[in-house]
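Each reported figure results from applying straightforward, stated rules to the coordinates on display, with no laboratory input. Treat the numbers as computed from the prediction; the structure is a model and nothing was measured. Cβ placement follows ideal geometry from the backbone for every residue including glycine, while neighbour counts extend to all protein chains displayed.
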Amino acid sequence: HVQLVESGGGLVQAGGSLRLSCAASGSIFSINVMGWYRQAPGKQRELVAEMTRGGGTTYSDSSKGRFTISRDNTKNTVDLQMNSLKPEDTAVYYCNVIYVGVEYWGQGTQVTVSS
């Protein structure tokens, strides 16, 4: 079983930056995919960015060029650096991990971008 703890959300003005962090714990040997999703009010949860253990990345069109995902395989952590934030980035951001074919989610952290 994998537990995910997120941190780093908050309130920021448009154009500002935030960094989200997620730490995975439990009986973990090797996590393949770690990533971030978000869900805005009234909308479906969507991928923001994800990274494989080997370093391959996938970004959504909305996050590409503004957000950067990184991970530390030795610590089982994944971070999301968010720059040039826009009001439409306002959402609850969830850490996501796929481990041994099972998908795990963090509790979510609120990101609010004011105009």
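Once a ≥ b ≥ c are taken as the square roots of the eigenvalues of the Cα gyration tensor of region 1-60, is the result rounded (a/c under 1.5), prolate (a/b larger than b/c) or oblate (a/b not larger than b/c)? Prolate is the answer for region 1-60, as a/c is 1.5 or above and a/b outweighs b/c. Shape annotation for region 57-115: C-alpha extents along the principal axes are 41, 23, 20 Å, from largest to smallest. Based on the alpha-carbon gyration tensor of the chain and its eigenvalue square roots a ≥ b ≥ c, which shape applies: rounded if a/c is under 1.5, prolate if not and a/b is larger than b/c, or oblate? It is prolate, given that a/c is not under 1.5 and a/b is the larger ratio.
In this simple spin-label approximation, residue 40 and residue 74 carry label points 7 Å from Cα along the Cα→Cβ vector, and these lie 3.9 nm apart. Contact order, relative form, for region 57-106: 22 percent (alpha carbon pairs under 8 Å, 6 or more residues apart, mean separation divided by residue count). Calculate, for residue 29 and residue 112, the FRET efficiency according to 1/(1 + (r/R0)^6) with r their C-beta to C-beta distance and R0 35 Å; round to the nearest 0.05. Once rounded, the FRET efficiency stands at 0.45. Loop sites here are trypsin sites (Lys or Arg not before Pro) outside DSSP states H, G, I, E and B with no more than 16 other Cβ atoms within 10 Å. The longest part of the chain free of them is 1-42. Partners of residue 86 within straight-line reach, counting lysines whose Cα lies under 18 Å from its Cα and excluding those fewer than 8 residues away in the same chain: 43, 64. Inter-label distance, residue 100 to residue 13: 4.9 nm, where each label sits 7 Å from its Cα along the C-beta direction.
Label separation (residue 5 vs residue 64): 3.6 nm, computed from points 7 Å beyond Cα along the C-beta direction. For region 58-81 versus region 1-42, the inter-centroid distance based on Cα atoms is 9 Å. For the chain, averaging the sequence separation of C-alpha pairs within contact (under 8 Å, six or more residues apart) and dividing by the residue count gives a relative contact order of 36 percent.
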